[in-house]
1. Name every residue in region 1-37 that is more than 30 Å from LEU116 (Cβ to Cβ) and more than 16 Å from the chain's Cα centre (by Cα), in order of residue number.
2. Scan region 178-187 and give yes if some residue there is free of Cβ contacts under 8 Å to residues at least 40 places away in the same chain, open to solvent by 70 Å² or more (accessible area, probe 1.4 Å), within 30 Å of ASP23 (Cβ to Cβ) and not β-branched (Val, Ile, Thr), otherwise no.
3. Could you tell me how many of the residues in region 58-89 are within 14 Å of the ligand (Cβ to nearest atom) and closer than 24 Å to ASP147 by Cα?
4. Would you check if ASP105 is touching a residue at least 24 places away in the same chain (Cβ under 8 Å) and acidic (Asp, Glu)?
5. Considering only residues of region 194-214 that are open to solvent by 40 Å² or more (accessible area, probe 1.4 Å) and assigned to a loop (DSSP other than H, G, I, E, B), which is nearest to ASP178 (Cα to Cα)?
6. Out of the strands (runs of 3 or more DSSP E) lying entirely within region 94-150, which hold 1 or more residues that are open to solvent by less than 50 Å² (accessible area, probe 1.4 Å) and in contact with a Lys or Arg (Cβ under 8 Å, 6 or more places away or on another chain)?
7. Kindly indicate the residue of region 207-226 that is touching a helix residue (DSSP H, G or I) at 6+ places or on another chain (Cβ under 6 Å) and charged (D, E, K, R) and also nearest to GLY34 (Cα to Cα) among those meeting that condition.
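The values are calculated or read from the model by the stated rules, or taken from the named source; none is laboratory data. Since this is a predicted model, take the numbers as computed values, not measurements. Ideal geometry is used to build each Cβ from the backbone, glycine not excepted, and the neighbour counts take in all protein chains shown. Areas reflect the complete protein model, heavy atoms only, side chains present, ligands, DNA and RNA absent. Shrake-Rupley method; radii C 1.70, N 1.55, O 1.52, S 1.80 Å.
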Amino acid sequence: ERAVDLAGLRVVVSAGGTREPLDPVRFLGNRSSGRQGVAVALAAADRGATVVLVAAHVDEGVLAEASAHSRITLEHAGTAAELQSAVTRAAAAADVVVMAAAVADFRADAVSPGKLTKESTGGEGLVLHLVETDDIVAGLVRDRRPDQTIVGFAAETPAEGETLLDRARSKASRKGVDLLAANEVGWERGFESTQNTLLIVDGTGTVVGEGSGTKRVVADVLWDCVANTRDEVNRE
Ligand code: C5P
C-alpha cells in the first residue's frame, strides 16, 4: 500500500484530446486516448490529493474508475477554448496543475454553420484556414502564484540526430514550467498504448525522473518528482 503522501494537495489535471469543430458534424482531433492524464489524476487521488480532472475527448471506458473516485471531480471540455476556461478557473484554487491534455494548436478561423459539402466547394477541393489556439500552459505560468507547481507534457517525435532529452529541455525552458514530462509518440507508440516511457525534466533542464511501464506506474514517478520539487521549494 502506498502512503497518502499527497493528502491535502489540491490538484488540477487535464487529459485527452481536444476537438475543434469545422462544421456541425466534423472536427479536427488527435489520437490522444486520455489514458496517461487519467492515470495521473488517479495516482494523485489514491495518494490523498483532491483532484479536478478536466477531460477533453477520452477513449471509451477510460474515465470509469476516475469518475467513481471520491476525491476526483470530473469536468468535461470539448475544444481548446473550453479546456482553457475550465483549467484556468480550477487552477485559481490549485497547488499543482498538470497539463496532460493534447490541446489543438490550431482551430478553424470560421466554423461553417452548415455541413461543408462537395457541392458547396464547387469541385475545387477545400482549403481550411486555421488560426493558432491560445497556449494554455503559457497563461497558467504567467498568472501563477509563487507556491504553485505547473507541469507540462510533451509528446515528441524527435528528428534524426535529436534526442527526447533535447526536445524536453527546450520545451521546458520555452514553456517556463516547473516540470516537463516528455514521451515519444509516433505511429506505433505513445497514444493508444497502455504503456509509456516518461522522461521528466525541471525548469532548468535537469533530468529529475524517468519511468517506464504502465501509464499508472509512470504517473506515480511523476508525482514523486512533483513532491520532491515542492519539498525543495519549501525548504528554500
Ligand atoms: O508545444 P506543445 O503543444 O508540444 O506543448 C505541450 C504542452 O503544452 C502540454 O502540456 C499541453 O497540454 C500544453 N498545451 C497548452 N495549450 C496549447 C497546446 C499545448 O497548454 N494550445
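1. Those that are more than 30 Å from LEU116 (Cβ to Cβ) and more than 16 Å from the chain's Cα centre (by Cα): GLU1, ARG2, ALA3, VAL4, ASP5, LEU6, ALA7, GLY8, LEU9, ARG10.
2. Yes; the residues of region 178-187 include at least one that is free of Cβ contacts under 8 Å to residues at least 40 places away in the same chain, open to solvent by 70 Å² or more (accessible area, probe 1.4 Å), within 30 Å of ASP23 (Cβ to Cβ) and not β-branched (Val, Ile, Thr).
3. Matching residues across region 58-89 total 6.
4. Against the criterion (touching a residue at least 24 places away in the same chain (Cβ under 8 Å) and acidic (Asp, Glu)), ASP105 qualifies.
5. THR204
6. 96-99, 130-132
7. Step by step, filter region 207-226, then rank; the result is LYS215.
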